[in-house]
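So the structure is just underneath, and the comments pick up after that.
The values are calculated or read from the model by the stated rules, or taken from the named source; none is laboratory data. This is a predicted model, so every value here is computed, not measured. We place every Cβ from the backbone using ideal geometry, glycine too, and count neighbours over all the protein chains shown.
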Amino acid sequence: MKAIVLAAGYATRLYPLTKTVAKPLLPVAGRPMIDHLLDRVREVDEVDAVHVVTNHRFADSFLRWAAAHEAAGVEIDVHDDGTTGEDDRLGAIGDIGFVVEQADLADDDLLVVAGDNLFDYSLADYVRWWRGKGEASAVALYDVGDFELVKKYSSVELAADDRLVGFVEKPEHPETTLVATATYLFHRAHVPLVGRYLEEGNSPDQPGRFVAWLVPRAPVYGYRFEGEWRDIGDVEQLLEADNTLRERAGLPLRSSYSVD
C-alpha cells in the first residue's frame, strides 16, 4: 500500500499566512500540520511509501521538510505538479492521477489523505476494517451533527452494510449529518479508474467528485469514526486546532494564531 498526501492547494482563505508557507506546513502545537498527519499514516504497517504532492511554489519547502524526516529514517517522496497558482492548478483528483502516473502506482492500493485534515482516529483500524470488504474502496465518515455544516462538505447515503448508494458534493438539502472526510482507501483494481475519470473530462477538483463517480461503478464503503476531526479552512479553525493541541502538549494557549 502507498500513501498519497494531497498538499498542492494554495489555501487563499488563509492569506497572508499561506502566501509564503504551504498550509500543511503551518505549525500546530509547534509542529507542521502535516507531521501530525504523518504520525497517523505511520500507524499503518502496510504503507511502505509516502508520496506528498505539492505545487511548484512550495516544492522546495516540502523537500526540506521531507529531508528532515529522512534523517530520522522516514522516506518521503515529494512530487512537484508544476503549477504556480489558482489558474493552472491540477485539482485534487488531477494530483492523484499525476502521482499515480509519476510514481507508477496503478497496481497499488492507495491511502489518500488531504494534507489539511487533523484527526485522532486510527488509520490502522480503518485499513483493517476495509480489508474485510473485499475488492472495494472506502471513505472515512464523520457525523458533524449540524445540517447547515453538511452543506460545506459531502453527504452520503448508506445501505445497511455501510456500502455507499449515494454521494452528493455540497448538498443543498442534506438529509443526514454524516459527511465524507478527505481520507480515502482505493483498491488497486479501482486506481486505474482515476485516469478514466479524468479522460472523460470530469472535474479534476474535490476528491469527493471521483468517489461520487465511482459509487455506481464499483463497491465503495463508508467507515464511521468518532473522536476529533478538523478540516482546516480558515484562520479561526487553525487557531482552534493549534490551541487544542497546545493544551494537550502543555503549551501556553494563544489569543491569535502565529507561525512563531
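Side notes on the structure shown:
- Residue check, residue 57 basic (Lys, Arg) and surrounded by fewer than 19 Cβ atoms within 10 Å (Cβ to Cβ): yes
- Residue satisfying condition, being of a type in the set (S, T, N, Q) and closer than 30 Å to residue 239 by Cα, within set 155, 203, 137: 155
- Wholly within the range 33-126, helices (runs of 4 or more DSSP H) carrying at least 3 residues that are over 29 Å from residue 228 (Cβ atoms): 59-71, 92-102
- Some residue of the range 167-176 being within 22 Å of residue 119 (Cβ to Cβ), modelled with pLDDT of 95 or more and either surrounded by 16 or more Cβ atoms within 10 Å (Cβ to Cβ) or among the aliphatic types (A, V, I, L, M) (or both): no
- Qualifying residue in the range 21-32 (condition: over 16 Å from the mean Cα position of the chain (by Cα) and either over 25 Å from residue 121 (Cα atoms) or free of Cβ contacts under 8 Å to residues at least 60 places away in the same chain (or both)): yes
- If the condition is being out of contact with any strand residue (DSSP E or B) (no Cβ under 6 Å at 6 or more places or on another chain), under 24 Å from residue 119 (Cβ atoms) and of a type in the set (A, V, I, L, M, F, W, C), then the range 38-81 contributes 38, 44, 58, 65, 68, 72, 74.
- Residue ID - surrounded by the most Cβ atoms within 10 Å (Cβ to Cβ), chosen from residues in the range 220-243 that are of a type in the set (A, V, I, L, M, F, W, C) and part of a strand (DSSP E or B): 220
- Being outside any helix (DSSP H, G or I), among the charged types (D, E, K, R) and either over 30 Å from residue 105 (Cα atoms) or in contact with a strand residue (DSSP E or B) (Cβ under 6 Å, 6 or more places away or on another chain) (or both) holds for only one residue in 246, 217, 254, and it is 254.
- Residue in the range 3-11 that is touching a Leu at 6+ places or on another chain (Cβ under 8 Å), more than 28 Å from residue 198 (Cα to Cα) and among the small types (Gly, Ala, Ser) present: no
- Scanning the range 194-214 for residues being farther than 22 Å from residue 123 by Cβ, touching a Phe, Trp or Tyr at 6+ places or on another chain (Cβ under 8 Å) and of a type in the set (A, V, I, L, M) gives a total of 1.
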